[in-house]
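I have placed the structure first, in the form of structure tokens, so that the comments after it can refer back to it.
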Amino acid sequence: MGGEYFGNAGLFLIKTILGLYILIVLLRFLFQLVRADFYNPLSSVLVKLTNPLLLPLRRIIPGLGGIDLASIFLLIALQALEYVLIGLLPRYGIPAPVGLLVMSITDLLALTVNVFFFSILIQIVISWINPHAHNPVISLLHQLNEPLLGRARRLIPPISGLDLSPIIVFVVLKLIEFLLIHPLKDVGLGLAF
């Protein structure tokens, strides 16, 4: 009985610590991808937190066409490490390698969808509360979300000053979740156990 409590505490710690670091690496990757302001204070923090693992990896894994492959490799490796560490806990098992890879990629896709969903939601709420705020975090939110929102605005321009682009992006993100991520997760689970 006491082992179950330690197992739950271990699961919480693994998911929290690795989950936060995976989020930090993913944010750095996404900010690089959208070419967000490198000198933004939040960007600087992300760079300092991720450089110890990314800089050595970049010597081995070069970028390709402006995409930081070292970050992608690190994200997949960290997500796989989370599954392996959870597998070492009582009641769990270590997944098979192919399933582990599929589940790791699927979890990263789901996290990316959640990052965009919640960052757009935060941006919407801030625009209602204080539309002309100048804050480094708000600036990064705009830089991160504008590639998606801008494409949606081209499909349906603002109507009488009402911007419907977030709704379109939310629908697309949910469709990606239902039609891509959930089926891939099921495939990964089938291959893993």
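On the given criteria, is Thr16 free of Cβ contacts under 8 Å to residues at least 40 places away in the same chain, surrounded by 14 or more Cβ atoms within 10 Å (Cβ to Cβ) and not small (Gly, Ala, Ser)? Lay out the reasoning, then the answer.
Values: free of Cβ contacts under 8 Å to residues at least 40 places away in the same chain: yes; surrounded by 14 or more Cβ atoms within 10 Å (Cβ to Cβ): no; not small (Gly, Ala, Ser): yes.
Judged against the criteria, Thr16 is not a match.
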Next on the checklist: Being over 15 Å from the mean Cα position of the chain (by Cα) and not in a helix (DSSP H, G or I) is the filter here; which residues of the stretch 54-76 pass it?
Outcome noted: Ile61, Pro62, Gly63, Leu64, Gly65, Gly66, Ile67
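Does Phe38 fit the bill of being in a helix (DSSP H, G or I) and assigned by TED's automatic domain parsing to the domain that holds Gly87? Before you say what the answer is, go through the steps one by one.
On the way: in a helix (DSSP H, G or I): no; assigned by TED's automatic domain parsing to the domain that holds Gly87: yes.
For Phe38, the condition - in a helix (DSSP H, G or I) and assigned by TED's automatic domain parsing to the domain that holds Gly87 - is not met.
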Checklist entry - Applying the selection to the stretch 101-140, what residues are hydrophobic (A, V, I, L, M, F, W, C) and either more than 25 Å from Ile72 (Cα to Cα) or at pLDDT below 95 (or both)? => result Leu121, Ile122, Ile124, Val125, Ile126, Trp128, Ile129, Ala133, Val137, Ile138, Leu140
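Among what's in the stretch 93-125 and is outside any helix (DSSP H, G or I) and touching a residue at least 24 places away in the same chain (Cβ under 8 Å), pick the residue that is surrounded by the fewest Cβ atoms within 10 Å (Cβ to Cβ).
Applying the first criterion (outside any helix (DSSP H, G or I)) to the stretch 93-125 yields 93-96.
Narrowing the set further to residues that are touching a residue at least 24 places away in the same chain (Cβ under 8 Å) leaves 93, 95-96.
Details: Gly93: 11, Pro95: 22, Ala96: 14.
Only one residue fits best here, namely Gly93.
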Checklist outcome for this item: All conditions in (1) in a helix (DSSP H, G or I); (2) free of Cβ contacts under 8 Å to residues at least 40 places away in the same chain are true of Leu11 except (2)
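Could you list all residues from the stretch 168-193 that are of a type in the set (Val, Ile, Thr) and either surrounded by 12 or more Cβ atoms within 10 Å (Cβ to Cβ) or outside any helix (DSSP H, G or I) (or both)?
Residues of the stretch 168-193 of a type in the set (Val, Ile, Thr): 168-169, 171-172, 176, 181, 187.
Of everything in the stretch 168-193, those that are of a type in the set (Val, Ile, Thr) and either surrounded by 12 or more Cβ atoms within 10 Å (Cβ to Cβ) or outside any helix (DSSP H, G or I) (or both) turn out to be Ile168, Val169, Val172, Ile176, Ile181, Val187.
The values are calculated or read from the model by the stated rules, or taken from the named source; none is laboratory data. Remember, predicted model here, so these are calculated numbers, not experimental data. FYI the Cβ positions are ideal-geometry reconstructions off the backbone, even for glycines, and counts take in every protein chain you see.
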